[in-house]
Amino acid sequence: MKSNNLNEAKAVPLVGETPRVGAASRTDRVEEVRQLIVAAYEERFPQVFRYIAVRVGYTDIAEDLTSETFVRALRGADKFADQGKPLGA
């Protein structure tokens, strides 16, 4: 039987409204972002490396900078705000 009591209704976010996220879901989201960054590292390292190598002109420095790019992304995973774009955009 369906209840007509508004106090018992579940909160449903409106279109364009960000749903409230509890601590457990935030932890899950941070872990999901970290996994996406690791996947991006495995898939995109050569492309990022080539881009940086062309810019700096030294492969050893480019390798360090490429690694640092992904390390910083991992460190900032808890600050990631989904903007509706792919991670690599």
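Treat each spin label as a single point 7 Å out from the Cα along the C-beta direction, and report the T69 to V54 distance in nm.
Once both label points are built, they end up 1.2 nm from each other.
Stretch V30-R44 to full length: gain in nm at 0.36 nm per residue minus the Cα-Cα span?
Working: separation 14, 0.36 × 14 = 5.04 nm, distance 2.03 nm.
Full extension of this stretch gives 3.0 nm more.
Throughout, read-outs are computed from the coordinates displayed, never taken from laboratory work. Keep in mind that what you see is a predicted model, and the values were worked out from it rather than measured. For neighbour counting, all protein chains shown are included, and Cβ atoms are generated from backbone atoms with ideal geometry for every residue, glycine included.
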